[in-house]
Amino acid sequence: MLLIQLGTPDSPSIRDVRRYLSEFLNDPRVIDIPWLPRKLLVNGIIVPFRAPKSAKIYKELWDLGEGKSPLLTYTEDVTALLSKALNRTDLTVEFAMRYQNPSIPSVLEKMRRAHYDELIIIPLFPQYASASSGSAIEEAMRIIKKWWVIPSIKIVSQFYDHPGYIDAMVDRASEFDLKSYDHILFSYHGLPERQVDKVYDSGLCSDQPCETELNEYNKFCYKATCYATTRALTEKLGISEENYTVCFQSRLDKKWIEPFSDKVVEERAKKGAKRLLIFSPAFVADCLETLIEIGVEYQEIFEEHGGEKVQLVPSCNDHPKFIECLRDLVEKA
């Protein structure tokens with residue numbers, strides 16, 4: 001079986017960060033505009049200007065990870081723990097990164113040579129999005145379709161409401177006294193509005209009750225499944241609706257899903273909040289978006305506008321209940 005995570009630069013050097021950003025941002029599922037404008041935008045503007053700044057941020061992340069990418073460390077740990085939990089001689093657990101190393105082509109070539117009867121592919125993104133799960137699945141299938149012998153293939157495209165995943169996040173929250181915080185945020189990675197609109201054959205995401213209901217039309221809408229995950233978490237944690245906000249981070253422009261997490265942090269501080277607790281359920285492993293964007297940058301924004309403490313709830317990482325979630329997904333597949 002193959003676990004697929006987003007990816008990480010090989011090091012925080014400008015060269016490696018540039019290589020990572022180039023591969024990531026040139027993916028047509030990530031920046032879904034025509035080929036030529038995308039190439040000009042990414043290779044001519046974004047990567048040259050962003051790589052040096054991003055390298056400094058990745059250096060901060062590497063320092064937090066004791067000289068290594070936390071995302072890579074946790075993915076290695078999860079792979080080993082899942083293999084142990086499955087305890088099957090007829091099943092091998094591998095992992096690959098959608099961008100950079102270990103690459104999907106290299107890992108799948110290793111798997112091809114092993115002559116497996118069946119492949120189970122699990123992108124490690126709880127809520128389906130074309131830019132994450134869709135891209136990982138597409139890349140895997142691009143490689144596999146060239147094989148002369150194609151084994152049976154099973155794909156888990158999302159697990160936003162799996163009890164093990166939810167319970168792992170609930171256990172992470174138990175490390176904190178929820179009542180001691182003025183407000184709680186559930187911050188998910190953002191997406192352009194046009195990408196969630198593309199889920200629907202007719203109409204727009206805004207035509208659906210994505211904030212309150214999951215149905216046959218919006219069950220693969222990223223926004224709808226983010227809200228569904230939040231409802232499952234708040235129900236288990238006993239958090240009332242007025243005490244939390246669902247928001248979206250890491251936006252590139254104003255035409256992304258709202259509300260924007262950084263703006264919510266700022267607004268809460270201006271309203272007098274002193275302590276915020278922030279979940280990041282879209283990330284099963286702590287990474288730049290959680291440890292740096294939330295843990296460092298949002299802390300600075302909050303303090304700047306009168307707040308005191310932004311507390312990040314750790315991601316699932318290698319939590320035993322998350323391992324059980326993955327084991328269950330594999331066994332059901």
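The values are calculated or read from the model by the stated rules, or taken from the named source; none is laboratory data. As the structure is a computational prediction, the values presented were derived from the model and not from experiment. As a convention, Cβ positions derive from the backbone with ideal geometry for all residues, glycine included, and neighbour counts pool all protein chains shown.
Side notes on the structure shown:
- Helices (runs of 4 or more DSSP H) contained in segment 128-198 and holding at least 1 residues among the basic types (Lys, Arg) and under 29 Å from LYS255 (Cα atoms): 193-197
- The number of residues in segment 82-99 that are surrounded by fewer than 19 Cβ atoms within 10 Å (Cβ to Cβ) and in contact (Cβ under 8 Å) with a residue 40 or more places away in the chain comes to 5.
- Of all the numbered requirements in (1) farther than 30 Å from TRP147 by Cβ; (2) assigned to a helix (DSSP H, G or I), PRO12 misses one, and that requirement is (2).
- Taking segment 139-162 as the range and being within 15 Å of CYS325 (Cβ to Cβ) and either touching a strand residue (DSSP E or B) at 6+ places or on another chain (Cβ under 6 Å) or exposed (fewer than 14 other Cβ atoms within 10 Å of the Cβ) (or both) as the test, only VAL156 passes.
- Residues satisfying the criterion are absent from segment 204-224 (criterion: among the hydroxyl-bearing types (Ser, Thr, Tyr), part of a loop (DSSP other than H, G, I, E, B), without any contact (Cβ under 8 Å) to a residue 60 or more places away in the chain and under 21 Å from VAL284 (Cα atoms)).
- When GLY307 is tested against (1) under 17 Å from the mean Cα position of the chain (by Cα); (2) at pLDDT 95 or above, exactly one condition is not met: (1).
- Qualifying residue in segment 31-50 (condition: surrounded by 17 or more Cβ atoms within 10 Å (Cβ to Cβ), in the same structural domain as ARG18 (by TED's automatic domain parsing), among the basic types (Lys, Arg) and farther than 23 Å from VAL17 by Cα): no
- Of the candidates ALA224, ALA136, the single residue that is under 15 Å from the mean Cα position of the chain (by Cα) and crowded, with 22+ Cβ neighbours inside 10 Å is ALA136.
- Residue under evaluation ALA96, criteria (1) of a type in the set (Gly, Ala, Ser); (2) touching a strand residue (DSSP E or B) at 6+ places or on another chain (Cβ under 8 Å); (3) assigned to a helix (DSSP H, G or I), criterion not met: (3)
- When LEU61, LEU91, LEU86, LEU82 are screened for being closer than 21 Å to ARG19 by Cβ and aliphatic (A, V, I, L, M), only LEU61 passes.
- Every listed requirement among (1) touching a Lys or Arg at 6+ places or on another chain (Cβ under 7 Å); (2) of a type in the set (A, V, I, L, M, F, W, C); (3) touching a residue at least 40 places away in the same chain (Cβ under 8 Å) is met by VAL47 save one, (3).
- Conditions (1) in contact (Cβ under 8 Å) with a residue 12 or more places away in the chain; (2) within 25 Å of ALA129 (Cα to Cα); number of the one not met by ARG231: (1)
- Scope segment 264-287; condition surrounded by 21 or more Cβ atoms within 10 Å (Cβ to Cβ) and either in a helix (DSSP H, G or I) or of a type in the set (Ser, Thr, Tyr) (or both); matching residues: VAL264, VAL265, ARG268, ALA269, SER280
- Out of GLU289, GLU324, GLU241, sole residue that is of a type outside the set (A, V, I, L, M, F, W, C) and under 15 Å from the mean Cα position of the chain (by Cα): GLU289
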